Amino acid sequence: MGGFGPVDRVEPVLLQLAGVDGAKAPLDDAAALERVFASSGGVDAVIHFAGLKAVGESVSMPLEYYHNNLTGTFVLLDAMRRHGCKTLVFSSSATVYGSGGVSPLSEDSPVSGAGITNPYGRTKCVWLPACLAAVMAPLTFFSPRAAGT
């Protein structure tokens with residue numbers, strides 16, 4: 001925690017493909033996010049790759065997961081709202097559909113959270129509906145790496 005990790009490797013590729021400039025700031029730093037939004041001349045979209053995502057780690061560090069994944073995301077969503085940014089790209093998780101449901105899952109499957117036993121899953125169960133409610137053009141994707149975990 002504390003750095004941007006894999007985003008540092010992905011960011012240049014995404015920005016080059018999109019042909020746009022980008023900026024980054026810690027999710028829980030409202031002042032830093034405000035500077036990014038205010039100095040950019042308008043933010044059209046946000047790519048949110050800052051969620052913590054290791055199930056085992058979430059059990060040993062639950063407060064860090066709740067703080068980063070919920071508080072941090074809500075700070076980001078608030079900055080987006082204040083600046084009229086309504087497009088958010090974020091990674092979803094099959095965890096939000098709980099256990100015992102119909103397989104295969106689709107994005108139309110009901111989000112239930114039934115059977116979620118770890119802080120990571122609980123944060124995603126709160127986080128996903130909040131993200132969807134806050135933006136008009138969500139683009140979600142499922143991590144292929146997480147599909148087998």
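Taking the criterion of being in contact with a His (Cβ under 6 Å, 6 or more places away or on another chain) and modelled with pLDDT under 85, would at least one residue in the range 120-135 satisfy it? Quick ask: steps written out before the conclusion?
Of the range 120-135, the ones in contact with a His (Cβ under 6 Å, 6 or more places away or on another chain) are none.
Checking the range 120-135: not a single residue is in contact with a His (Cβ under 6 Å, 6 or more places away or on another chain) and modelled with pLDDT under 85.
On the stretch given as the range 56-81, residues that are farther than 20 Å from K24 by Cα and among the aromatic types (F, W, Y) total 1.
Do any helices (runs of 4 or more DSSP H) entirely within the range 31-120 hold 1 or more residues that are under 15 Å from L132 (Cα atoms), and if so, which? Explain how you work it out, then say what you get.
Details: elements: 55-60, 62-66, 73-82.
Hits in the range 31-120: 73-82.
Taking the range 43-60 on its own, how many of its residues are open to solvent by less than 50 Å² (accessible area, probe 1.4 Å) and of a type outside the set (S, T, Y)? Working first, answer last.
The initial filter retains those residues of the range 43-60 that are open to solvent by less than 50 Å² (accessible area, probe 1.4 Å), namely 43, 46, 48, 50-52, 54, 58.
Add one more test, that the residue is of a type outside the set (S, T, Y), and what stays is 43, 46, 48, 50-52, 54.
Here the count works out to 7.
Please find, within the range 62-76, the residue that is surrounded by the most Cβ atoms within 10 Å (Cβ to Cβ) out of those that are touching a residue at least 40 places away in the same chain (Cβ under 8 Å) and under 19 Å from T117 (Cβ atoms). Write out each step before concluding.
In the first step, residues of the range 62-76 are kept if they are touching a residue at least 40 places away in the same chain (Cβ under 8 Å); the result is 62, 64-66, 68-76.
When the remaining residues are screened for being under 19 Å from T117 (Cβ atoms), the result is 62, 64-66, 69-70.
Numbers: P62: 15, E64: 14, Y65: 26, Y66: 18, N69: 23, L70: 18.
Taking the candidates together, the pick is Y65.
The values are calculated or read from the model by the stated rules, or taken from the named source; none is laboratory data. Because the structure is predicted, anything quoted here is derived from the model rather than measured. Note that we place each Cβ from the backbone using ideal geometry, even for glycine, and neighbour counts take in every protein chain shown. The accessibility values were calculated without ligands, DNA or RNA, using every heavy atom of the protein model including side chains. Shrake-Rupley method; radii C 1.70, N 1.55, O 1.52, S 1.80 Å.
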